[in-house]
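Coordinate-derived values only; no laboratory data. Keep in mind the model is a prediction, meaning the values are calculated, not measured. Methodologically, a virtual Cβ is constructed for each residue, glycine included, from the backbone with ideal geometry; neighbour enumeration extends over all protein chains shown.
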Amino acid sequence: MLSFFIRRLILAVPTLLFIGLAIFLLLDLAPGDPTAQLPLTIPPEVREQIRQSLGLGEPMPIRFWKWMVQFFWVEPQVLIDSIFGTQFSLGDQRVLSWQSRSPVMDIVVQRIPQTLWVVGTAYVVAILIAIPIGIYSAYRQYSIFDNVGTFVSMVGFSVPPFFSGVLVIVIFAVQLGWLPSIYDTTHVVNDWDSFVVQLKQMIMPVMVLALQITAQLSRFMRASMLDNLNQDYVRTARAKGLSEKVVVLVHVLRNSMIPVVTVIALGIPQIFGGAIITEQVFKVNGIGQLLITAIQANDIPMVQTLTFIFAALIVLFNLIADVLYGILDPRIRYD
């Protein structure tokens with residue numbers, strides 16, 4: 001198992017380097033000037049000095065190398081310093097935002113809790129709901145429960161978040177007045193009452209995200225269960241006298257989880273990108289809104305870093321999915 005993990009980890013390194021190069025080239029070659037939003041009264045030589053101070057006067061390979069070093073070497077040292085109180089990163093140059101002139105990773109770390117409150121909760125809720133629904137729908141194929149689940153899944157998967165988000169705001173915030181329409185990112189949870197307030201403002205964005213994720217996962221779970229329920233090993237297990245509960249929840253479920261693991265693992269980083277719309281609708285001051293703001297302000301270092309973080313998360317959870325494959329099906333380790 002260790003050699004299987006090491007092989008997958010080695011393959012992930014060149015993948016990350018290639019993705020980083022592609023992101024850097026695409027954004028570096030894109031039209032745009034960081035000094036475009038400055039007043040027109042600024043002389044051209046001052047504008048050029050500002051560009052030089054932002055590091056734009058150096059050749060592209062040098063800027064890419066510095067960005068990689070700052071991301072993979074300097075920022076981990078900053079994290080270690082913040083945890084253990086060391087000074088490994090003292091004096092090292094970090095990736096700075098053109099808009100705020102602050103370290104990009106510091107801003108990202110400030111926004112992550114807001115995104116995790118909403119996106120993380122929505123994903124956990126969706127998994128806990130979707131997997132049982134998919135299992136029971138497959139076991140009771142074409143029943144009333146299966147037909148209702150299929151209809152709800154199709155609706156949840158088809159309705160875009162910008163429509164469902166506005167719809168729940170109109171119903172639960174405007175008409176009924178049960179929930180706040182705007183997510184208060186300055187709210188601090190320090191007791192039970194503040195925790196209840198946090199839950200109330202999370203309900204609608206979590207509902208919108210969880211609906212779409214549940215619709216997708218339940219369909220995959222149902223399809224995977226149906227593929228395995230009619231296999232020979234299932235008939236053999238039943239012929240041996242095993243109970244139906246053991247056959248379905250032990251033998252069939254374990255084999256059915258192999259493709260579903262891919263959807264769950266790769267959906268975790270993708271939902272951060274998909275949460276951009278939901279964060280805009282509910283005014284959640286998270287990573288998705290930070291990316292939109294950086295794009296509008298032409299803050300290339302921020303956009304590069306956030307995009308690369310999304311890509312790195314995809315590679316990381318793809319690696320986790322590969323490892324889980326090896327656990328669910330030992331034959332995969334030796335392929």
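Cβ under 14 Å from A138's Cβ, A138 left aside: what net charge do those residues give with Lys, Arg +1 and Asp, Glu -1? Its environment carries a net charge of 0. If you build a Gaussian network model of the chain, linking Cα atoms that sit under 10 Å apart, which residue out of I19, I83, I213 swings the most? Largest GNM mean-square fluctuation: I83. Normalised by the number of residues in the range 89-193, the mean separation of alpha-carbon contacts (under 8 Å, six or more apart) gives a relative contact order of 10 percent. Per the Debye formula on identical point scatterers at the alpha carbon atoms of the range 50-189, with no solvent, log10 I(q)/I(0) at q = 0.12, 0.15 Å⁻¹ is -0.82, -0.95.
Once backbone amide H atoms are built at 1.01 Å from N, L96 has V104 as its partners under 5 Å, excluding neighbours fewer than 5 places away on the same chain. Based on Cα contacts under 8 Å between residues 6+ apart, the chain shows a relative contact order of 26 percent.
Look at (i) 161; (ii) 252; (iii) 203: the one that is volume of the Cα convex hull per residue in Å³ derived from this structure is (iii). Note on the chain: with a GNM built from Cα contacts shorter than 10 Å, the maximum mean-square fluctuation among S218, S153, S194 falls on S194.
Counting only helical runs of four or more DSSP H residues, what would the 222 nm mean residue ellipticity of the chain come to if each run contributes -39,500 (n - 2.57) and the total is spread over all its residues? It comes out at -23000 deg cm²/dmol, rounded to the nearest 500. GNM on the chain, alpha-carbon springs under 10 angstrom: the most fluctuating residue among D193, D322, D184 is D193. Placing one equal scatterer on every Cα of the range 182-312 and applying the Debye formula, the log10 ratio I(q)/I(0) at q = 0.13, 0.15, 0.17, 0.22 Å⁻¹ is -0.75, -0.86, -0.96, -1.21. Long hydrophobic helices in the chain: the complete DSSP H runs spanning 15 Å or more by Cα along their own axis with mean Kyte-Doolittle hydropathy of at least -0.5 are 2-29, 104-115, 121-139, 144-158, 192-229, 253-282, 300-328. Express in whole angstrom the spacing between the alpha-carbon centres of the range 164-238 and the range 55-113. So the two Cα centres are separated by 35 Å.
Restricting the trypsin sites (Lys or Arg not before Pro) of the range 75-122 to loop positions (DSSP other than H, G, I, E, B) with no more than 10 neighbouring Cβ atoms within 10 Å leaves R101.
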